[in-house]
Amino acid sequence: MVNELSSEKVRNKCDPNFMHGETTKGLVPLQEIIGQERAIRALKFGLGIKERGFNIYVAGSPGTGRTTAVRSFLEEMARIETVPSDWCYVNDFSHGHEPKAIRLPPGRGKEFQRDMKNFIENARTALPKAFESEDYAKKSEATIQAIENQRKELTDKISTEAQKEGFVIQSTPIGLLLIPVIKGKPVTDEQVMALPEKNQKEIQKKRELLESELRSTMRQLADIEKAGRAELEKMNHDIALYAIGHLVVDLTEKYKDFPDVVAYLTDVQNDILNNLSHFIKEHKASSQASVPWMKEVPLRKYEVNVIVDNSDTKGSPVISEFNPTYQNLFGRVEKEAQFGTLVTDFTMIRGGSLHKANGGYLILRVEELLRNPFSYDGLKRALKNQQIVIEEVEESFGFMTARSLKPQPIPLNVKVVLIGDPFLYQQLYILDMEFNELFKVKAEFDTTMDRTQENIQQYAAFVCALCQKENLKHLDGTGIAKLVEHSSRLAEDQQKLSTQFAEIADIAREANFYALQENSDFVTETHVRKAIEEKIYRSKLIQEKIQEMIKRGMILIDTDTDRVGQVNGLSVISLGDFDFGSPSRVTASVSLGREGIIDIEREAKTGGPIHTKGVLILSGYLSERYAQDKPLSLSARIVFEQNYGGVEGDSASSTELYAILSALSGLPLKQSIAVTGSVNQKGEVQAIGGVNEKIEGFFEVCKTRGLKGNQGVMIPESNVQNLMLKEEIVKAVEDGKFHVYSVKNIDEGIELLTGVKAGKRLEDGSFEKDTVNHKVDQRLKQMAEKLKEFPSFLTEAEKKKED
């Protein structure tokens, strides 16, 4: 039986007195997320469990409070947790391109950095002073003089022996040479060759003996110089160690509980002692440098690069990375130009979000993570290996790169929370075998919650918190009631409230604007209604254009007469920010044939697969109901008239069936009643989406042409609970100017549209006479008999039966 809905059924109104005359100003602000018990429970579990792989994927639509809830829970947990360590990079004096990572308690990283800076400054001051002292000068001169005395003693001795044998020692660029002396004058080799052979042999014999002694003397001189240099170096080492030793001892004592720091300080001391020239001569040589930073370059290797500083952190860190590029996540090694060449060192290592969140929590948006190349794979690798590796992107994927630094990896202990769409979760779960191993907890945020009195009170508390936070005018009972009704409209359910709090907050903000314009003390239902209507008005230009075309007859929509094979269907057009309903004329034509139901939309490739499925179901319905005693011998063509943008969905399948039944029975359908609803093979009318927009779209057409009291819409009974119609339509229903009917099956619907009884099947298989089903059945029988006159249409089985 067709059920006409009362005005109370088409909109679930909220009693404005539920607040007992109060406003949101007197409420306690909401401090938690409401309507998300399942997600909150999952979050608590995921954040509480510390085992490996229990990272969290927060699934839900934007505006449901998922990001707010995640940050709220993380910050609450992080507040009572231990502050993680600082991390520094220092130079490795053995392998300069592999900087070492040092872990220190929170706040000690910057302290260590300052201590090392002060140490180097003190060393730069103390060392030159030590080597410029009179004591050093005296010791150095004494050592050098002792070496010179030994050199002179040896050279004098060899010179005296040479003179006794008639030679002099001459210093040349190639070394010391023995020159013969005859009659007190040095002679050349040519002059020696002119002497008698006996004299030549005697001179050569003496020269050989002297050369042997000379070589021995040269070796002694080299040993003396080597010993002298060693003695000077030892003296320099001792003086430098005396100058900076106490500084190193002080630092070593201060950081004695950190073996890595102690080892590093030892390496620093040894490197300074081995490179004293950087400290002793730098103040002289560097003053001539044209670039100020050039004198600092040799001393950079003693700096401390703090990449994680938790000195001001309270509890564990909660980091949100909104642009998760590979470098932003894992850090990078910066480079600077020097004389046209890019150079780098460990002081240019920069940490990423993983470094900052290490020991705490990292929040990432899945869409942004997947949009950045290499970031997702890099994150998985870091979580699997439990370490952060700073490297060039190309190098991590095996491509050739210029040689750069290879910083020591840092151990990773972080809880990663991904926030994204439920669809992306499904795709990652299916397509990535590692995803489930790393993100074992799913926290899914719902888009609706039950419309209970308790939840309505919490809604009011949410609005109270919003007003206090953003300094908005508070809402009175009527304003909150209207906001609750709008929430049910967003949820498309009379018994639900939307958890799209972002949209609710926007309406409250806009209503506040209109309240300010009117200088009202509180936001009332008038302001909320205006906010909703104005938001729709800003986006409904296309709808108004279509309404105008219908009014001017450019789009043919009949709302008054009765027509055979023609019915007004209801569809929804989505513009992204705005959905609206628009009626469409659906027509059906029938003839003899074997084609069955032909969907012109499908033939023209403007119909989607779901719409095609809906049309095919109609064949199943006709076959079961009318083709038990005869073949279904018809060719029926159905189409959405003046539709050129494509058709998708099965919500018009009942509409199409009504048009076919009308065309077969010859009974006209009321054009004043628009129809929506899908149908199954048993003739049951099923629920569809967008029911409010569809009803409102037809109402606008009827209102434009004038409401005559006979217009209305017919919807599935299962959609009654989704009705949250505009108050204008509620008033029209209340006044009897517009009607909303609900039906369970096709028989109920066809009775309403034709005004003729549908008709039940009798025991003999026929239908009650003068009913819709009887007329359809008789027409199909006539068509089956008529088809026999055309053998070319008969099947082989039918031809044999005729013979």
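The values are calculated or read from the model by the stated rules, or taken from the named source; none is laboratory data. The model shown is predicted, which means the values in this text are computed figures rather than measured ones. Cβ coordinates were reconstructed from backbone atoms using ideal geometry, including for glycine residues, and neighbour counts include every protein chain displayed.
Under the condition of being among the charged types (D, E, K, R), touching a residue at least 40 places away in the same chain (Cβ under 8 Å) and either at positive phi or assigned to a strand (DSSP E or B) (or both), the residues counted in the range 333-366 number 2. One residue is enough: does the range 737-750 have a residue meeting the conditions crowded, with 22+ Cβ neighbours inside 10 Å, under 30 Å from Gly576 (Cα atoms) and of a type in the set (Val, Ile, Thr)? Yes, the range 737-750 contains at least one residue that is crowded, with 22+ Cβ neighbours inside 10 Å, under 30 Å from Gly576 (Cα atoms) and of a type in the set (Val, Ile, Thr).
For the range 122-178, taking the residues that are part of a strand (DSSP E or B) and loosely packed, with under 15 Cβ neighbours inside 10 Å, the one that is modelled with the lowest pLDDT is identified as Gly175.
Looking at the range 575-680, the strands (runs of 3 or more DSSP E) lying wholly inside it that each contain 1 or more residues that are crowded, with 24+ Cβ neighbours inside 10 Å sit at 579-591, 635-640, 673-675. Against the condition in contact with a Ser or Thr (Cβ under 6 Å, 6 or more places away or on another chain), in the same structural domain as Asp271 (by TED's automatic domain parsing) and not polar (S, T, N, Q), how does Glu231 come out, does it pass? Against the criterion (in contact with a Ser or Thr (Cβ under 6 Å, 6 or more places away or on another chain), in the same structural domain as Asp271 (by TED's automatic domain parsing) and not polar (S, T, N, Q)), Glu231 qualifies. Take the range 4-29 and flag every residue that is hydrophobic (A, V, I, L, M, F, W, C) and buried (at least 18 other Cβ atoms within 10 Å of the Cβ). Hits for the range 4-29 are Leu5, Val10, Cys14, Met19, Leu27. Looking only at residues that are in contact (Cβ under 8 Å) with a residue 60 or more places away in the chain and not aliphatic (A, V, I, L, M) in the range 414-432, which one is surrounded by the most Cβ atoms within 10 Å (Cβ to Cβ)? So the residue we want is Lys415. Quick one: would you say Ser316 is surrounded by fewer than 21 Cβ atoms within 10 Å (Cβ to Cβ), assigned to a loop (DSSP other than H, G, I, E, B) and touching a strand residue (DSSP E or B) at 6+ places or on another chain (Cβ under 9 Å)? Criteria not met by Ser316.
Every residue, every condition in (1) within 24 Å of Pro409 (Cα to Cα); (2) of a type in the set (S, T, N, Q); (3) out of contact with any Gly (no Cβ under 8 Å at 6 or more places or on another chain), yes or no:
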residue	(1), (2), (3)
Gly63	no, no, yes
Ile80	no, no, no
Trp87	yes, no, no
Asp92	yes, no, yes
His97	yes, no, yes
Ala101	yes, no, yes
Leu104	yes, no, yes
Asn122	no, yes, yes
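In the range 574-616, the residue that is nearest to Ile688 (Cα to Cα) out of those that are β-branched (Val, Ile, Thr) and modelled with pLDDT of 90 or more is Val586.
Within the range 495-524, being assigned to a loop (DSSP other than H, G, I, E, B) and under 26 Å from Gln721 (Cα atoms) holds for Gln495, Thr499, Gln500.
Collect the residues in the range 646-665 that are modelled with pLDDT under 90 and among the polar types (S, T, N, Q), keeping them in residue-number order.
Just the residues of the range 646-665 that are modelled with pLDDT under 90, to begin with: 646-652.
Listed by number, the list holds a single entry, Ser651.
Filtering the range 53-70 to residues that are at pLDDT below 90 and either more than 26 Å from Lys469 (Cβ to Cβ) or not in a loop (DSSP other than H, G, I, E, B) (or both) leaves Arg66, Thr67, Thr68, Ala69, Val70.
Looking only at the range 765-803, residues that are at pLDDT below 85 and over 16 Å from Pro631 (Cα atoms) come to 1 in all. Taking first residues from the range 102-124 that are free of Cβ contacts under 8 Å to residues at least 40 places away in the same chain and partners that are of a type in the set (S, T, N, Q) and buried (at least 17 other Cβ atoms within 10 Å of the Cβ), the Cβ contacts under 8 Å between residues at least 6 apart in sequence or on separate chains come to Pro105/Ser85.
Hey, any hits in the range 435-458 for a residue that's closer than 20 Å to Lys25 by Cβ, assigned to a helix (DSSP H, G or I) and among the aliphatic types (A, V, I, L, M)? Scanning the range 435-458 turns up at least one residue that is closer than 20 Å to Lys25 by Cβ, assigned to a helix (DSSP H, G or I) and among the aliphatic types (A, V, I, L, M).
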